[in-house]
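Colleague: Below you will find the structure I want to go over with you.
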Amino acid sequence: MKIVPKYKECMEKLLQELENEFMRIIANPKLDKKQKNILTKPLVTKKQILLNTLESLTMVERREDEE
């Protein structure tokens, strides 16, 4: 069962939404540097979790194909 292509498509949409939110925060002139940092850190963490998950799924599929 090939789950990676389906997940990758979904992940790209999520990453785009995260990027849009990140840019909205950065472009907000009402926020100071500290506020921007506080608001963007969770977005960066979410992005890293998504990328790590994709990498894990890819490794599992690769391993499955080897067997």
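Only the coordinates and a few stated rules stand behind these numbers; no lab work does. Keep in mind the model is a prediction, meaning the values are calculated, not measured. Counting neighbours? That spans all protein chains shown, and the Cβs are built from the backbone with ideal geometry, glycine included.
Colleague: Consider only pairs whose beta carbons are under 7 Å apart and that are at least six residues apart or on different chains; among these, list those whose first residue lies in segment 38-67 and is in contact (Cβ under 8 Å) with a residue 12 or more places away in the chain and whose second residue is assigned to a helix (DSSP H, G or I) and among the acidic types (D, E).
Modeller: From residues that are in contact (Cβ under 8 Å) with a residue 12 or more places away in the chain, the pairs are L43/E21.
Colleague: Looking at K36, K46, which is the one that is in contact with a helix residue (DSSP H, G or I) (Cβ under 8 Å, 6 or more places away or on another chain) and closer than 25 Å to K2 by Cβ?
Modeller: Matching residue, one of K36, K46: K46.
Colleague: Just for segment 22-43: of the residues that are among the hydrophobic types (A, V, I, L, M, F, W, C) and surrounded by 11 or more Cβ atoms within 10 Å (Cβ to Cβ), which one is farthest from the chain's Cα centre (by Cα)?
Modeller: Let us first name the residues in segment 22-43 that are among the hydrophobic types (A, V, I, L, M, F, W, C), namely 22-23, 25-27, 31, 38-39, 43.
Add one more test, that the residue is surrounded by 11 or more Cβ atoms within 10 Å (Cβ to Cβ), and what stays is 22-23, 25-26, 31, 38-39, 43.
On the way: F22: 12, M23: 14, I25: 16, I26: 17, L31: 23, I38: 17, L39: 15, L43: 8 Å.
Looking at residues that are among the hydrophobic types (A, V, I, L, M, F, W, C) and surrounded by 11 or more Cβ atoms within 10 Å (Cβ to Cβ), I get L31.
Colleague: Name, by its number, the condition in (1) assigned to a helix (DSSP H, G or I); (2) loosely packed, with under 12 Cβ neighbours inside 10 Å; (3) not aliphatic (A, V, I, L, M) that does not hold for T53.
Modeller: T53 satisfies every listed condition except (2).
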